[in-house]
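Undergrad: Before anything else, here's the structure in question.
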Amino acid sequence: MGEITNVMEYQAIAKQKLPKMAYDYYASGAEDEWTLKENREAFSRILFRPRILIDVSKIDMTTSVLGFKISMPIMVAPTAFQKMAHPDGEYATARAASAAGTIMTLSSWATSSVEEVASTGPGIRFFQLYVHKDRKVVEQLVRRAERAGFKAIALTVDTPRLGRREADIKNRFVLPPYLTLKNFEGLDLGKMDQANDSGLASYVAGQIDRTLSWKDVKWLQSITSMPILVKGVVTAEDARLAVQSGAAGIIVSNHGARQLDYVPATISALEEVVKAAQGRIPVYLDGGVRRGTDVFKALALGAAGIFVGRPVVFALAAEGEAGVRNVLRMLRDEFELTMALSGCTTLADINRSRILTEGDRLRPTPRL
């Protein structure tokens, strides 16, 4: 495989190793894939303002998320069907995240159940939730996650319908026959069958509750004591509503650019959401992070931490658990180096003055 020097190199290896249908499912975005490209490119338009002659011999990257102490502000985002990438699937990801001292978020549509992931050993885990039409299924799932020791719910709110993912339509995407949605085993929820377009899109259309609204955040709070993160916010208006609804936090996400195309990159939407939240609840970023420099930029714009998704799945496909461990290690090392070269010794040192956005560059420079 040669020496992997950054997390992006895993994607090419995954493309070689995986069947086309599986690779395309993980890699593709919605429609023209403009947002998919923009999720990455928007980071490249943010520049640093490093400070010099600061003692950076000791750097502290530790932080806490919803009261849970973690080793770094880099966490694992929920990604579905991980056993399609590697036989160990979510088991490997859970063990790697735990070894890195950080949080793993398990997808509702995982190929390992909440109980199976809990059985891999200790670790802080969040559960990503899609709300099904049958609310009894939702209640059962949430209670199972709570019993299995999961610490928070990441409620996905941007998927009343599945985005138009043309690669999946071309491939007639369907879950391989040897895999199942483990969290729904034994429940009469139908199967993901071959369809005229994407089997997943047809399945989702039959299962996911399109009536989901802000009142359901309150309903969720009534059935669990776990804090609820609202995942899929990209505007100030919705950030304010998330605060009012009693959410414990916000995850700025455009679903990996897989839902509505031509929404802004998450890093471009972040500052608007942070300002609207006014420090009342933490705001996290999910989408497009491939470098430690990206992590720093997100924190400088007010994120309390970031979630990383596709690099984890591609590394899983390439090298299993070792690959996921390597992704988390590389991002951590790059982030630490970025802090040192920017003159930051703690996360509190990372603030808006450390970066220059496109908007800043368009404004006249004040005379000193």
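Undergrad: Only one residue in 265, 298 is open to solvent by less than 10 Å² (accessible area, probe 1.4 Å), under 17 Å from the mean Cα position of the chain (by Cα) and in contact (Cβ under 8 Å) with a residue 60 or more places away in the chain. Which one?
TA: That would be 265, the only listed residue that is open to solvent by less than 10 Å² (accessible area, probe 1.4 Å), under 17 Å from the mean Cα position of the chain (by Cα) and in contact (Cβ under 8 Å) with a residue 60 or more places away in the chain.
Undergrad: Examine segment 36-51 for a residue that is farther than 23 Å from residue 296 by Cβ, assigned to a helix (DSSP H, G or I) and in contact (Cβ under 8 Å) with a residue 40 or more places away in the chain, and state whether such a residue exists.
TA: no
Undergrad: Here's another thing I want to ask about it. Among (1) modelled with pLDDT under 95; (2) of a type outside the set (Lys, Arg); (3) within 12 Å of residue 48 (Cα to Cα), where does residue 365 come up short?
TA: (3)
Undergrad: Just for segment 57-78: of the residues that are more than 17 Å from residue 292 (Cα to Cα) and part of a loop (DSSP other than H, G, I, E, B), which one is farthest from the chain's Cα centre (by Cα)?
TA: This residue is 57.
Undergrad: Return only the number of the condition from (1) more than 20 Å from the chain's Cα centre (by Cα); (2) touching a residue at least 40 places away in the same chain (Cβ under 8 Å) that residue 153 does not satisfy.
TA: Evaluating residue 153 over (1) more than 20 Å from the chain's Cα centre (by Cα); (2) touching a residue at least 40 places away in the same chain (Cβ under 8 Å) leaves (1) as the failure.
Undergrad: Can you find a residue that is open to solvent by 70 Å² or more (accessible area, probe 1.4 Å) and at negative phi anywhere in segment 26-34?
TA: Residues of segment 26-34 that are open to solvent by 70 Å² or more (accessible area, probe 1.4 Å), as a first pass: 31-32, 34.
Still in the running and at negative phi: 32, 34.
Yes.
Undergrad: How many residues does segment 35-59 hold that are of a type in the set (Asp, Glu) and open to solvent by less than 70 Å² (accessible area, probe 1.4 Å)? Walk me through how you get there before you give the answer.
TA: Just the residues of segment 35-59 that are of a type in the set (Asp, Glu), to begin with: 38, 41, 55.
So of that shortlist, the ones also open to solvent by less than 70 Å² (accessible area, probe 1.4 Å) come out as 38.
Within segment 35-59, residues that are of a type in the set (Asp, Glu) and open to solvent by less than 70 Å² (accessible area, probe 1.4 Å) number 1.
Undergrad: Would you confirm whether any residue within segment 155-172 is within 19 Å of residue 117 (Cβ to Cβ) and at pLDDT 85 or above? Give the derivation first.
TA: Keep residues of segment 155-172 that are within 19 Å of residue 117 (Cβ to Cβ), which gives 155-156.
Next, only the ones that are at pLDDT 85 or above stay: 155-156.
Yes: segment 155-172 contains one or more residues that are within 19 Å of residue 117 (Cβ to Cβ) and at pLDDT 85 or above.
Undergrad: Could you tell me whether residue 289 is β-branched (Val, Ile, Thr), in a helix (DSSP H, G or I) and at pLDDT 95 or above? Break it down into steps so the answer makes sense when it comes.
TA: Values: β-branched (Val, Ile, Thr): yes; in a helix (DSSP H, G or I): no; at pLDDT 95 or above: yes.
Judged against the criteria, residue 289 is not a match.
Undergrad: Give me a count of the residues in segment 1-22 that are without any contact (Cβ under 8 Å) to a residue 40 or more places away in the chain and outside any loop (DSSP other than H, G, I, E, B).
TA: Counting residues in segment 1-22 that are without any contact (Cβ under 8 Å) to a residue 40 or more places away in the chain and outside any loop (DSSP other than H, G, I, E, B) gives 4.
Undergrad: Right, here's the next one. So which residues in segment 239-286 are within 25 Å of residue 72 (Cβ to Cβ) and in a loop (DSSP other than H, G, I, E, B), if there are any at all?
TA: 247, 248, 253, 254, 265, 279, 280, 281, 282
Undergrad: Looking at (1) crowded, with 24+ Cβ neighbours inside 10 Å; (2) under 19 Å from residue 355 (Cβ atoms), find the lone condition where residue 307 falls short.
TA: So the condition that residue 307 fails would be (2).
The values are calculated or read from the model by the stated rules, or taken from the named source; none is laboratory data. Keep in mind that what you see is a predicted model, and the values were worked out from it rather than measured. All Cβ positions, even for glycine, are placed from backbone atoms using ideal geometry, and neighbour counts span all protein chains on display. Ligands, DNA and RNA are stripped out before the accessible areas are found, and what is left, the full protein with its side chains, is counted by its heavy atoms. Shrake-Rupley method; radii C 1.70, N 1.55, O 1.52, S 1.80 Å.
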